[in-house]
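Structure first, then comments.
Here, each number is a calculation from the coordinates, and none is a lab measurement. In this text the structure is predicted, and so the values were computed from the model without any measurement. Methodologically, a virtual Cβ is constructed for each residue, glycine included, from the backbone with ideal geometry; neighbour enumeration extends over all protein chains shown.
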Amino acid sequence: MVLHAETLLQDLIERTRKHINEAEKFKSLPTETLNWRVANDSWSILECFEHLNLYGDFYIPELKKRMESSKTQPKENFKSGVLGNYFAKSMLPKEKLNKMKTFKDKNPIGSTLDKTTMNRFIAQQEKILNLLDKSRAVDLNKIKTAISISKLIKLRIGDTFRVVVYHNERHILQANNVLNSKMPAPKQLN
Amino acid sequence: MNPITNFIAKIDQQNLWEKQLVVNRKEFLKVKGSVDTNLYFVVSGSLRIYALDDYEESIIRFGYKNNFIAALDSFISEKPSDLYIQAIKKTVVRVINKTTFIAFVESSPANTKIWNTLLENLIFQQMERERDILTSSPLERYKRVLARSPQLFQEIPNKYIASYLRMTPETLSRIKKS
């Protein structure tokens, strides 16, 4: 799959803008709502965001390091890799949010969380915006990054950005589902 | 009726607004790296336009009720820009895209004239702002901005005014007391 690099970046930036706005919305809710869970083995809203933070802790420094050490030149297009495209697309939520397995070290369930989780998430998104902005100066095809789930696989950095941003999208939708099951939508949330 | 009110009324009449948006406190209309060629008209609330480097935020401009605001660099160049536009409090804006807006401006000499007046005002304001930034004394910077836009001090929290004035909130509070 070939994408126009700038179009891809604009899409990822726009998604990230919406993610920050969603996070600000959640941050304004009472901590009690944020800690509420549908069932005792399912995640609270804060746990959804903490899960994203744990991934951010891995990917943000990795993306930064790979870009900083790169001497590549930007290309007009980004050609998604077979695996990278597969991972990225599997992250995007389907119409009805499908369940996925979580790796143990990225499962926040049962942790004690407060609004610092939200602040951490928002700060991470600002870093992602910076990285997306800086990625205009490099080749999204040539730079490879490690991924958190396997030491054997590396992805093209353009795909890694997609994985990270789409993964955020997935769990923000999950957080909204938690919110809606707590409060059967008295008014529309945006 | 002042020119801008007249201008807005015409855009209303011709139904040129693409949409009306509610932006809650701290939510973003635009973030770093994006292209945004929309022009926003503030119906209520207030916003700030700022740049963020690795260390600090620099506030470039505020938008209040009845102002037009835009990420002007991106609006003009149609390229990505570093600016953030964030609501300071719950804000309602009307959105018009550049293509529609330019067509509107060019549709009559009267509209073109108003737009030119607005641009002239903007250039004037930008020069004033440049002078602010070149003024080394924090007290003088404060006096200049207070004289020019007393409304700022009514509408905007101190921490943002301090950033706009390039001083710490503590310095601003000291200056205000003295």
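Things to note:
- Shielding by partners for peptide A:13-25, expressed as the average number of C-beta atoms from other protein chains within 10 Å of each residue's C-beta, is 5.
- Exposed loop sites here are GluC sites (Glu not before Pro) assigned a DSSP state other than H, G, I, E or B and surrounded by at most 12 other beta carbons within 10 Å; excluding them, the longest clear run of chain A is A:96-190.
- Proxy reagent accessibility, fewest Cβ within 10 Å first, across B:SER136, B:SER107, B:SER34: B:SER136, B:SER107, B:SER34
- Residue exposure sequence - B:VAL43, A:VAL178, B:VAL145, B:VAL31 - by fewest surrounding Cβ within 10 Å: B:VAL43, B:VAL145, A:VAL178, B:VAL31
- Calculated [222 nm] ellipticity per residue, helices only, for chain B: -14500 deg cm²/dmol; basis is -39500 (n - 2.57) per DSSP H run with n ≥ 4, divided by all residues, nearest 500.
- Scanning chain B for GluC sites (Glu not before Pro) lying in DSSP loops with no more than 15 further Cβ atoms inside 10 Å, the longest uninterrupted stretch between such sites is B:79-178.
- Gap separating the Cα centres of the range B:97-143 and the range A:114-142, nearest whole Å: 33 Å
- Pairs of Cα atoms nearer than 8 Å and 6+ residues apart set the relative contact order; for chain A it is 39 percent.
- Per-residue ellipticity at 222 nm from helix content only, as computed over chain A with -39500 (n - 2.57) for each DSSP H run of at least four residues, stands at -19000 deg cm²/dmol.
- Packing-based exposure ordering (other Cβ within 10 Å, fewest first) of A:TRP36, A:TRP43: A:TRP36, A:TRP43
- Cα centroid separation, the range A:145-182 to the range A:59-101 (Å): 9 Å
- Across the range B:142-158, computed HN-Hα scalar couplings (Karplus, 6.51 cos²θ - 1.76 cosθ + 1.60, θ = phi - 60°) run 4, 4, 4, 5, 4, 5, 7, 9, x, 4, 3, 6, 7, 9, 10, x, 3 Hz from first to last residue, x flagging Gly and Pro.
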